[in-house]
Protein chains: 2
Amino acid sequence: MNQLFKNMHWTSSLRNSRATLFISSHKSLKFCNFSKDHKDQGSWELMEGLFHCSANLVPLTPLRFLERAARFCRERTSLVYGSLEYKWGETHQRCLKLASSLSQLGISRGDVVATLSPNVPAMYELHFAVPMAGAIICTLNSRLDASMVSVLLEHSQAKILFVDYQLLEVARSALDLLCKRTSSKLPILVLIADSDSDSTIDTSSISYEYEMLLANGEKGFEIVRPKSEMDPISINYTSGTTSRPKGVIFSHRGAYLNSLATVLLFRMDLFPVYLWTVPMFHCNGWCLPWGVAAQFGTNICLRKVKPKDIFDNVTNYKVTHLGGAPTVLNMIVNSASFDRKPIDHKVLAMTGGSPPPPQIIAKMEELGFTVSHLYGLTETYGPGTFCVWKPEWDLLAPQERSRLKARQGIPHVGLDEIDIKDPETMESVPNDGKTMGEVMFRGNTVMSGYLRDLKATKEVFKDGWFHSGDLGVKHQDGYIEIKDRLKDIIISGGENISSVEVETVLYNHPAVLEAAVVARPDNHWGQTPCAFVELKEGYDDMDSQEIINFCRDHLPHYMAPKTVIFQDIPKTSTGKIQKYVLREKAKALGSIS
Amino acid sequence: MNQLFKNMHWTSSLRNSRATLFISSHKSLKFCNFSKDHKDQGSWELMEGLFHCSANLVPLTPLRFLERAARFCRERTSLVYGSLEYKWGETHQRCLKLASSLSQLGISRGDVVATLSPNVPAMYELHFAVPMAGAIICTLNSRLDASMVSVLLEHSQAKILFVDYQLLEVARSALDLLCKRTSSKLPILVLIADSDSDSTIDTSSISYEYEMLLANGEKGFEIVRPKSEMDPISINYTSGTTSRPKGVIFSHRGAYLNSLATVLLFRMDLFPVYLWTVPMFHCNGWCLPWGVAAQFGTNICLRKVKPKDIFDNVTNYKVTHLGGAPTVLNMIVNSASFDRKPIDHKVLAMTGGSPPPPQIIAKMEELGFTVSHLYGLTETYGPGTFCVWKPEWDLLAPQERSRLKARQGIPHVGLDEIDIKDPETMESVPNDGKTMGEVMFRGNTVMSGYLRDLKATKEVFKDGWFHSGDLGVKHQDGYIEIKDRLKDIIISGGENISSVEVETVLYNHPAVLEAAVVARPDNHWGQTPCAFVELKEGYDDMDSQEIINFCRDHLPHYMAPKTVIFQDIPKTSTGKIQKYVLREKAKALGSIS
């Protein structure tokens, strides 16, 4: 085609034109103006005809998912909890009535409503009802003690606290503490009862009971819609293991986008059946209270996550998806055989929260689950990356498959970019699978900020990227792999040792049920790896030297633990191993030499 | 739980707080301010900590899909066209180079670049490369004549026209016409050649050839990203059958959202194989040039849509999805048996553009396709609703299944609302399956407006809803069903007759290949139905009275056609039946009595 090529011409005669438009809320039927860049009016007329009004520009919000499910799948099952079952029409009505009651209680735009509850139906409903009243849902971790609950209630300025009957004492003590500290109005306490909770409850300081409060609402309630899609929808406090807890703010826009991205990442077809093994108080259940509604699915609620209940529900309701930290998977693979049931349909188990040992993935798959791996932080609305499985990998050996699957993978479709960078120079690390850097995120599914902590917000958004605090590498195919939390890395004789890599080897030892590796001070090396190991039943006579030798056989010498301590592994309510507890313990052991 | 219920209290003491935030572009690393509503400062401090910068607020754009596919699926096949095959890494590089060349030609933010081409690889690449240069892609219908092309080039002020070698004469004539009318600079003509097009092409007035232009670009080109997500990404001219054509403007935001909504609506898992039977010039191929990239799929490009090619490609490449107007499906079901191949994997055929006769759906499924039905308009970025199939419907009789499947269904997840309303009163019609009203849309996947036609834009957005011009009913389950275009409805003796319903009966007659029903003037009744029928081979001796009698047997008497004319049915390039042509013909017949 060479003969067709002509000289370049007409390179700079074109006029430059642009339009800058703002998105805000447009509830009225009036046409609204758009902003015009006065510096650059060249061919502004090009854009004539553009108009934005309620017909074509509305704030993104996951609240629409519920309304859509109620309208078009009114008679499909929305939620199952023991013998209780709701349809989407009912769930919608209940949420409207609850929102109405909240409104009658004075809750309005921007107020915070807190919860302290396991995954009971009320938790699901509150994820819609609270924002439907214009308010912000703040789901507190159900394992917190009264002191921490009181701190978070004060920090969030929550006006109402919904509390499960089993956590009533914690809530009451928290209010007592709060009362002593502040003269502000205390949050209203609303009790979430359960079928077996009637008779024994001490009702003092309780203002309302959930079902009664709900019954009092009006089903014709007009939803308080977000004025802007950037309006906050929820606050999630990070576990705050080492520092003071931070209130991560999610927006309606981010929640909408992360719900859809998570649905796609879960490869969730229409009508999924989702088993609630991830706490809804954890990153709003990875945005899936909203996502399941978007796909007209069925939510199977669980008060407690036990292997028998998982197998029973998975087989009874033909569960299609469940999620959980690797420790939840570990609980499943180490369950008693009489608790198990054969699984004869596809169940996708999404794991995240910490890097899953490849062995656990392999064992889950032997039990009939398909494991997929995601990664994210509270600050990224939960899921941010996932390990996309390429069909050609099916042909690899099982061990190789599990190794690939343990990588954190690639950003979901709602994120703009992820990268691994040197946090000092902000330069990207090479795709060599070796050079470590900090995992950084950019995109609309990154939090709006930390509530009332501008300093921490600015710090974590330094240089226009969200700094995750996780250390990882980039592989040749672009997939990322987390090597450690920044604060969990062990530096021994100037070498970085990934605690995750040492743990992976430990899991290969037949006696090891769970393992966690932290740094122990060392006069010579600075730090050395110290392994905490929980043994399987029947291995009580295991000695630490055997474990150390096993690690030396499978790791470079300097990476093998110098100390092995047999004990139960402490965990957070979301199943994350509490490394800071172990680190304290290792520190208390003193320096080795 | 009655005893727990207390009196309502504390109803209005809560402070009202809100935040209004604007989304605009944030390329810099600086933190940007948010707008504050000064009328309402009650508990503004609640929001302290909120910050928006490039880490957490970026313009939504489908351009990221390509970058993500290139980064993480570099070696996966992006596109196949005959013997040509590209990987995602190559497609990305080619688009960057093409964008660079456009930029070198002087194309910048807000400029319009037009195309006149069938579904060849260049069309796919231009859907990314043009917006990557900051410009707006305007894909002209490849069946337009020179006169209309010249009108649209003038109206869009296109700076460049990419033209397929087979359409070169049309383009050249259009430029000649344009030259006579205007003193403005003519668009640069870029030739899209093909493997067999070398020798015969007259190169006069061609400035560049596509591959040479592309080769001249730099792969390190820095993408001109949208400053705001509301920046236009494309212009699609509606077919303009009866009125002057309108340039429908899509935004980056809408394109991003509709791409994901369409992926979900197509129930498209990762790695789909998409056969391009829907023209990319038609609503930007239902946003799937972008959507397929989002799911790391493979695009199978086709210059012409012929049954043999469809069957060959479907079986060769294990196509998972294809789309087309009902006439495309009709072509498949009426194909010669020697053109067919047995289909032994799941192929989802999405049909839209006009209501599919249930018989065609049934026959497609006999051939091994799974048919799903969507509905939308150019103004809704293509797909807007889809007929969600409920699993329990599998048990119904085939005829009943096809009837349900022929309904237009429910809004996809990117829309805010659809409704059927009386356009005068704006009241919703009841869910009775009978009362007709106009289908109206609201949401972020409704166009930004008609280019340089403020009047038409305002008209179609009257009362804050997009007025589709389609007439439909709402069924009891909330699903909508289109009965007719507003202008296609036949009013006979004061009764509305849906031309679609009469056509559905006609398709049940064994001799009927295709049918279209329009109004014929009638002195007594005002109008009566006039059927145009294309007969199948071997039915040449069919007489019109038999068709009329057949209709009378299956329809209320007044709905049966009074006139039947045997002839080929005229269609647009997208397979839509040109009813206005038939209406003119029926009018020319004169009044019946």
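The amide H of B:His373, built 1.01 Å from its N in the peptide plane, has B:Thr351, B:Cys387 as neighbours under 5 Å, considering only residues 5 or more places off or on other chains.
Model label sites at B:Ser173 and B:Asp422, defined 7 Å from Cα along the beta-carbon direction, differ in position by 4.9 nm.
Taking the Cα centre of chain A as reference, the dipole from Cβ charges on Lys and Arg (+1) and Asp and Glu (-1) amounts to some 1600 debye. Phi-derived couplings, Karplus 6.51 cos²θ - 1.76 cosθ + 1.60 at θ = phi - 60°, listed residue by residue for region A:523-540: 4, 7, 8, x, 9, 9, x, 10, 9, 9, 10, 9, 8, 6, 4, x, 10, 5 Hz, with x used for Gly and Pro.
Here chain B exposes an accessible surface that is 49 percent carbon and sulfur, computed with a 1.4 Å probe and the other protein chains kept in place.
Quick check of the Kirkwood formula: for region B:106-180, what is the inverse mean of 1/r over all pairs of different Cα atoms, in Å? Every distinct Cα pair counted, the radius reaches 12.3 Å. Under a 5 Å amide H cut-off, with hydrogens placed 1.01 Å from N, B:Glu218 pairs with B:Ser100, B:Ser101 among residues at least 5 apart or on other chains.
The tail of the calculated P(r) for region A:299-400 beyond 22 Å holds 30 percent of all Cα-Cα pairs. Net charge of the neighbourhood of B:Thr115, taken over other residues with C-beta under 13 Å away and scored Lys/Arg +1, Asp/Glu -1, is -1.
Based on protein heavy atoms only, region B:170-232 ends up with 47 Å² per residue of surface accessible to a 1.4 Å probe. The packing ranking, built from the mean of other Cβ atoms within 10 Å per residue, places the peptides B:537-546, B:134-143 in the order B:134-143, B:537-546, highest first.
Counting only other chain Cβ atoms within 10 Å of each residue's Cβ, the peptide B:443-452 averages 6.
Averaging the Cα positions of each part gives two centres, and for region B:160-224 and region B:479-542 these lie 43 Å apart.
Residue-wise HN-Hα couplings along region B:77-84, as the Karplus relation 6.51 cos²θ - 1.76 cosθ + 1.60 with θ = phi - 60° gives them from phi, are 5, 8, 8, 10, 8, x, 8, 7 Hz; Gly and Pro carry x. Rg/Rh for region A:139-181 (Cα atoms only, Rh after Kirkwood) is 0.90. In a DSSP loop and with at most 11 other Cβ atoms within 10 Å, the GluC sites (Glu not before Pro) in region B:362-459 are B:Glu424, B:Glu427. Taking a point 7 Å from the Cα of A:Asp553 along the Cα-to-Cβ direction, the residues of region A:392-428 with backbone N closer than 20 Å to it are A:399-400.
When A:Ser173, A:Ser195 are compared by accessible area at a 1.4 angstrom probe, the order from most to least is A:Ser195, A:Ser173.
Each copy carries a label point for A:Glu424 at 7 Å from Cα along the beta-carbon vector; from one copy to the others these points are 7.7 nm apart, nearest first.
Note on B:Asp541 and B:Lys587: with the Förster distance fixed at 35 Å, the Cβ-Cβ geometry gives a FRET efficiency of about 0.75. Across all directions, the shadow cast by the convex hull of region B:448-593 built on its C-alpha atoms averages 11.7 square nanometres. Counting every C-alpha pair in region A:76-221, the share spaced more than 19 angstrom apart comes to 50%. Computed on protein heavy atoms with a 1.4 Å probe, the accessible areas place B:His252, B:His345 in the order B:His345, B:His252, largest first.
Note on A:Glu534 and B:Ala215: with the Förster distance fixed at 60 Å, the Cβ-Cβ geometry gives a FRET efficiency of about 0.45. Once backbone amide H atoms are built at 1.01 Å from N, B:Gly409 has B:Ile480 as its partners under 5 Å, excluding neighbours fewer than 5 places away on the same chain. When the alpha carbon gyration tensor of region A:481-549 is reduced to an equivalent ellipsoid, the three semi-axes, largest first, read 23, 14, 9 Å. Shown is the FRET efficiency for B:His524 and B:Arg403, computed with R0 = 25 Å from the Cβ-Cβ distance and rounded to the nearest 0.05: 0.15.
When the trypsin sites (Lys or Arg not before Pro) in region B:174-231 are filtered for DSSP coil states and for at most 14 other beta-carbon atoms within 10 Å of their beta-carbon, the remaining sites are B:Lys185, B:Lys219. Seen from A:Glu379, the other residues with C-beta closer than 14 Å to its C-beta sum to a net charge of +1, counting Lys and Arg as +1 and Asp and Glu as -1. Given in Å, the Rg to one decimal and the Dmax to the nearest whole number for the Cα atoms of region A:453-506 are 14.1, 41. For the protein assembly as shown, the convex hull drawn through the C-alpha positions has a volume of 189 cubic angstrom per residue. Counts of other chain beta carbons within 10 angstrom of each beta carbon in peptide B:211-219 average 2. Only protein heavy atoms count here; under a 1.4 Å probe, B:Trp389 has an accessible surface of about 40 Å². Taken over the alpha carbons of chain A as equal point scatterers, the Debye sum produces base-10 log I(q)/I(0) values at 0.05, 0.08, 0.09, 0.11 Å⁻¹ of -0.24, -0.61, -0.77, -1.10.
The values are calculated or read from the model by the stated rules, or taken from the named source; none is laboratory data. The shown structure was predicted, so the numbers you read here are calculated from the model rather than taken from an experiment. Every residue, glycine as well, gets a Cβ built from its backbone with ideal geometry; the counts of neighbours run over all protein chains shown. Ligands, DNA and RNA are excluded from the accessible area calculation, which covers all protein heavy atoms including side chains. Shrake-Rupley method; radii C 1.70, N 1.55, O 1.52, S 1.80 Å.
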